[in-house]
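The values are calculated or read from the model by the stated rules, or taken from the named source; none is laboratory data. Please read these numbers as outputs of a predicted model, since none were measured by experiment. Virtual Cβ from ideal backbone geometry, glycine too; neighbours counted across all protein chains shown. The protein model used for the area step is the full one, side chains on, heavy atoms only, and it has no ligands, DNA or RNA in it. Shrake-Rupley method; radii C 1.70, N 1.55, O 1.52, S 1.80 Å.
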Amino acid sequence: MPTSHRSGSIIKGAIRRGRFFAIAGVGMLGVTIIGGGIATGQLPMNLALSGQPFTATISALGAQGITVYPRAVSTAAGEQPSIAVKIDQVQLTDVCLSTVARGLPFIGDVTLFARVPGDNTTAESLVLDAASVGGALTVADVRLGLDASALGEVTGSQTSAITVGESSAAVTTVDVIALAATGASLQGLAVSVEGREASC
């Protein structure tokens, strides 16, 4: 009986260590995704084309120099249709990013969250590939039917684009395939994980 008890203790300890490393690994993944240089608030952003979708929500947006066009992007999960959105300058309020890692050993589904409260997120030359975008939008200087390839944004087939000079938006939800920016500032960034499937 004592031998069996000790064996059970060893297994229990192994599970605890496994849970720790799985949670720590997901947290480090989040920090890696957001990038380096968080202490200074200035960093390039690049969410890799892994095929793992992100959900993004914001409470307000102000942007200048917007181009929108359809395209396909190559990810680890294969080709995916995309709404490509290029923004010259943008300020975001109450940003939340979430993605789910399913079936992790010992703990099951885990959701990674990255949050920036208030109007503390700005970015330059942001390119966003989205599966869907929903919200209320106010725009100015709208032009339809431009040749997107002439704008230098699309490779392959010719597509039409929409350009917008300036815009503002209220609560917005985006299903993100990929995101990149040449420069960004995220003041007050907090990355966390929860042991369940959830979203922003």
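Remarks
- Largest to smallest accessible area among Cys200, Cys96 [probe 1.4 Å]: Cys200, Cys96
- At the residue level, Ser199 shows approximately 70 square angstrom of accessible surface with a 1.4 angstrom probe and all protein chains present.
- Most simply put, the stretch 52-200 has about 100% antiparallel DSSP beta bridges, counting only bridges with both residues inside it.
- Label-to-label distance, Gln89 versus Ser160, with points set 7 angstrom from Cα along the beta-carbon direction: 3.1 nm.
- At R0 = 45 Å, FRET efficiency that the Cβ-Cβ distance of Glu79 and Gln187 yields, to 0.05: 0.80
- Between Glu197 and Val171, the C-beta separation translates, for a Förster distance of 25 Å, into a calculated FRET efficiency of about 0.65.
- A cut-off under 12 angstrom between Cβ atoms defines the neighbours of Gln64, and their net charge, with Lys, Arg +1 and Asp, Glu -1, is -3.
- Signed unit charges on C-beta, dipole axis of the stretch 60-200, positive-most listed residue Ala184, Val90, Val100: Val100
- Whole-Å semi-axes of the stretch 97-150's equivalent ellipsoid (Cα gyration tensor): 34, 17, 12
- Count Lys and Arg as plus one, Asp and Glu as minus one, and take only other residues whose Cβ is under 11 Å from that of Asp94; the net charge is then 0.
- Arg143 contributes an accessible area of around 130 Å² to the protein surface, as traced by a 1.4 Å probe with all chains present.
- Heavy atoms of Leu137: accessible area, 1.4 Å probe, square angstrom to 10: 110
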